[in-house]
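Let me begin by presenting the structure, written as structure tokens, before commenting on it.
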Amino acid sequence: MSEPLPVLVQKSIQIAWDFLERSGEITDAADAGRFLLRNIDDMARAGEHRPLMLANNAIDAYRRYKRLLAA
């Protein structure tokens, strides 16, 4: 059985957040939180329901986003 969307999104954000925090990649917590929420929510609503896939894609997207900001 599939988890409700809010639970899936919350779990996926937590996985991505923990990874990014441990790796020292979060410099602005509020910005990172908004980015992960928006990114993961969009993917989940588009049909992706695997928490690790959502988290991994969000991590990759966040890294690209941070590189663009630094350029």
Cβ pairs under 6 Å, 6+ apart or interchain, first in the range 1-29 and loosely packed, with under 13 Cβ neighbours inside 10 Å, second not in a helix (DSSP H, G or I), ordered by first then second residue, are Ser2/His49
Please go through the range 30-62 and pick out each residue that is open to solvent by 60 Å² or more (accessible area, probe 1.4 Å), part of a helix (DSSP H, G or I) and of a type in the set (A, V, I, L, M, F, W, C).
-> Leu37, Leu52, Met53
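The values are calculated or read from the model by the stated rules, or taken from the named source; none is laboratory data. Given the structure is predicted, the values throughout are model-derived calculations rather than measurements. Because the Cβ atoms are built from the backbone with ideal geometry, glycine has one as well, and the counts that use them run over all protein chains shown. Side chains included, ligands, DNA and RNA excluded: accessible areas come from the protein's heavy atoms. Shrake-Rupley method; radii C 1.70, N 1.55, O 1.52, S 1.80 Å.
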